[in-house]
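Shown next, in structure tokens, is the structure this report addresses.
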Amino acid sequence: MINDFRIHSFSEYKKEYKKSVKDPEKFWDKIAENFVWQQKWEKPLEYDFEKADFKWFQGGKLNITENVLDRHLEKNGNKTALIWEPNNPLEETRIITYRQLHSKVCQFANVLKNNGIEKGDRVCIYMPMIPELAIALLACARIGAVHSIVFAGFSSSAIASRINDSQCKVLVTANEVYRGTKPINLKAICDEALKDCPSIQTCIVYRRAIEPTSMVGGRDKFWMDEMHKVDDNCPAEIMDAEDPLFILYTSGSTGKPKGMVHTCGGYMVETAYSFDNIFQMEHNDIYWCTADIGWITGHSYIIYGPLACGATSVMFEGIPSFPDFGRFWEIVEKLKVTHFYTAPTAIRSLARESLDYVEKYDLSSLKVLGSVGEPINEEAWHWFNDYIGKGNCPIVDTWWQTETGSILISPLAGITPLRPTFATLPLPGIQPVLMDEQGKEVEAVNEKAEGRLAIKFPWPSMARTIYGDHKRYIETYFSTFPGYYFTGDGAYRDVMENYRITGRVDDVVIVSGHNLGTAPIENAINEHEAVAESAVVGYPHDIKGNALYAFVILQDGVQGSPELEAEIKNGVSKLIGAIAKPDKIQFVSGLPKTRSGKIMRRILRKIASDETDFGDTSTLLDPDIVTVIQKGKV
Ligand code: PRX
């Protein structure tokens with residue numbers, strides 16, 4: 001691999017970790033030297049936890065695309081950068097070398113320039129998992145435009161609110177796309193969104209399907225037509241290490257989604273460093289992360305991290321169940337995938353199906369397996385290990401967040417001793433701690449500890465702010481435990497110092513690996529004219545990890561009905577996206593509230609989870625409501 005920071009043994013890991021805690025600045029300074037910089041930084045780090053002000057590699061000048069593309073051209077220009085596997089297995093696989101990707105990225109960067117995009121401008125990308133998504137993203141980085149990718153499963157109003165929040169000038173999308181057998185007209189969804197987005201001047205449409213596409217004169221342009229107007233010569237814009245690279249929205253426990261801002265230098269250094277050490281790839285290995293680029297996992301571990309290491313990365317357009325439940329394994333066999341990184345929810349849904357789907361394929365190319373996005377349960381871990389890895393492939397359970405930019409806690413494949421369901425140990429440079437309710441670091445009892453997971457020292461790929469709302473950034477992450485970054489997760493630490501993430505401790509629910517705030521879902525439910533009030537909580541679900549349960553109070557005189565339930569669900573789907581639809585809706589006459597009017601969500605969570613020990617309910621205004629709700633549980 002191109003970088004020289006690979007850890008080869010557990011003792012080396014321990015040595016590196018110690019070094020990184022003793023002098024983090026010196027540690028990261030040395031790692032950062034592996035990259036192409038136009039000008040070296042003056043200072044590795046300057047920070048202030050109180051103001052939530054973090055600057056890494058200040059004064060350094062670079063362009064991340066020179067690191068993920070240009071620097072591979074001389075020796076590895078003909079190496080495959082991306083392998084694209086279409087939704088329909090009858091369509092052809094596309095192989096894109098580093099040289100081809102470089103050329104396309106430069107060309108599309110010129111298209112963006114031609115359409116008035118300059119350094120610092122925001123570009124929204126709403127695309128399916130096709131190579132053009134990667135090209136558009138890297139083209140933004142090439143010219144210093146800030147990409148804001150919106151997952152192509154989100155609704156038109158979710159796109160509009162994200163575009164408006166960061167005032168994007170251009171929207172890049174595709175016309176029609178298939179997910180499994182279901183056609184989705186992305187362009188039509190964009191047209192709906194763009195009714196409310198005055199900042200968008202141009203919409204560039206990639207023709208994924210031959211279907212006729214309605215185009216708005218003066219605003220909409222076809223990708224191909226624009227590409228024909230320009231060449232592929234586009235020098236990289238020189239960026240400051242701390243200039244923004246992208247915005248990615250994530251759910252908050254309250255209010256609108258948070259536009260997490262990631263910057264060029266630190267993000268590049270740490271995504272590459274973590275990728276290289278966690279996955280331990282060799283030159284000819286084939287890496288496949290099944291995430292969508294619309295999420296942080298796709299940003300950091302389909303594109304930036306792997307390409308900065310010169311790896312070959314697979315992009316898959318489809319879904320695990322089409323044409324049948326063997327699709328993942330068919331692709332592994334066909335492409336001889338060596339590194340396979342997926343989510344527990346996918347594992348659980350495939351483990352439910354017949355083993356014939358697995359056994360039909362030759363999975364002997366696999367060397368390393370990975371899991372991300374939510375806690376992996378014991379059964380799923382063992383199924384993954386036994387039937388996919390055949391007991392021979394280490395599983396890296398990688399813990400991190402949109403906000404952290406890169407993986408912070410994870411085994412290094414083949415190096416760190418594994419413990420099922422544990423994300424194990426922090427990467428060098430990362431200092432996790434467990435906090436108690438009083439805001440003190442938890443004292444271990446018999447060398448074991450449990451508490452709220454916080455990080456004690458800055459790391460290079462951390463988000464620097466919430467776009468347009470630094471105050472919210474401070475409040476959300478740095479005010480719970482002053483002097484620490486608070487993750488929102490609970491965790492347990494064993495005697496070997498291995499971490500197991502136990503789940504969110506705030507009002508965020510992870511459903512099928514998707515991070516969903518309950519407040520925005522409640523707001524969407526309350527939009528229905530028949531609804532007076534609602535409360536949404538998560539409850540355990542066999543496949544999705546968690547599912548959503550909505551308690552809904554209707555307006556006076558309105559009766560609950562299956563039709564009304566469907567309308568409410570569709571309303572949520574329309575306002576946020578299908579992923580946020582509640583699984584269950586219970587119409588209730590009241591909610592368990594304290595005298596000050598606060599809903600006691602822990603009680604609702606227990607009801608939804610079929611638990612009966614509600615603890616102390618004496619502070620409730622109407623304690624009887626608990627039994628009433630419990631009796632009507634759906
Ligand atoms: O609760 C943790 C869970 O996912 C949250 C972050 O979600 P998001 O920002 O969407 O990023 C997902 C992909 C990095 C975390 O706060 N989570 C993520 N990875 C794990 C996890 N929980 C347990 N184990 C993991 N490996």
Cys residues of the chain with no disulfide-compatible partner (no other Cys Cβ under 4.7 Å) are Cys140, Cys190, Cys197, Cys203, Cys264, Cys289, Cys309, Cys393
With label points set 7 Å from each Cα along the Cα-to-Cβ direction at Lys440 and Thr93, the distance between them in nm comes to 5.8 nm
Could you name the aspartates and glutamates in cross-link range of Lys336, using Cα to Cα under 16 Å and dropping any fewer than eight places away on the same chain? Glu85, Glu282, Asp285, Glu359, Asp362
Send over the per residue convex hull volume for segment 393-432, Cα only, as a whole number of Å³. 74 Å³
Kindly give the semi-axes, whole Å and largest first, of the ellipsoid equivalent to segment 368-454, taking each as the square root of 5 times a Cα gyration tensor eigenvalue. 26, 15, 12
Radius of gyration and maximum dimension Dmax of segment 512-632, Cα, Å: 14.0, 39
Find out how many positive minus negative residues lie around Lys169, taking Lys and Arg as positive, Asp and Glu as negative, among other residues whose Cβ is under 10 Å from that of Lys169. -1
For Cα pairs less than 8 Å apart in space and 6+ apart in sequence, what is the mean separation divided by the residue count of the chain, i.e. the relative contact order in percent? 13 percent
Computed on alpha carbon atoms, what radius of gyration and Dmax characterise the chain, expressed in Å? 24.1, 73
Using alpha-carbon pairs under 8 Å, 6+ residues apart, how would you state the relative contact order of segment 514-634 in percent? 24 percent
Normalising by the residue count of segment 93-236, find the relative contact order in percent from Cα pairs under 8 Å and 6+ residues apart. 28 percent
Across all directions of projection, what mean area in square nanometres is found for the Cα convex hull of segment 33-110? 8.6 nm²
Kindly flag which residue pairs out of Lys18/Lys471; Lys569/Lys606; Lys61/Lys113; Lys182/Lys569 have an alpha-carbon separation exceeding 24 Å in this structure. Lys18/Lys471
Segment 93-236, Rg to Rh (Cα coordinates; Rh as Kirkwood inverse mean 1/r): 0.94
Sequence-distant aspartates and glutamates (8 or more away, or on other chains) whose Cα lies within less than 15 Å of Lys360: Asp324, Glu330, Glu333
Rounded to one decimal in Å, the inverse mean reciprocal Cα-Cα distance for segment 481-551, i.e. its Kirkwood radius, is 14.2 Å
Could you please report the charge total around Thr612, scoring K, R as +1 and D, E as -1 over all other residues with beta-carbon less than 15 angstrom from its beta-carbon? +1
Can you divide the C-alpha Rg of segment 348-408 by 2.2 N^0.38 Å and report the result to two decimal places? 1.24
Determine one quarter of the surface area of the Cα convex hull of segment 586-634, which equals its mean projected area, and express it in nm² to one decimal. 3.1 nm²
Cα-based Rg and Dmax for segment 292-426, in Å, come out at 14.2, 40
Under the Kirkwood approximation applied to all pairs of distinct alpha-carbon atoms, what is the hydrodynamic radius of segment 151-287 in Å? 18.0 Å
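Every read-out reported here was derived from the displayed coordinates using simple, explicitly stated rules and does not represent laboratory data. Just so it is clear, the structure is predicted and the values come from calculations on it, not from any experiment. Backbone-built Cβ (ideal geometry, glycine too); neighbour counts: all protein chains shown.
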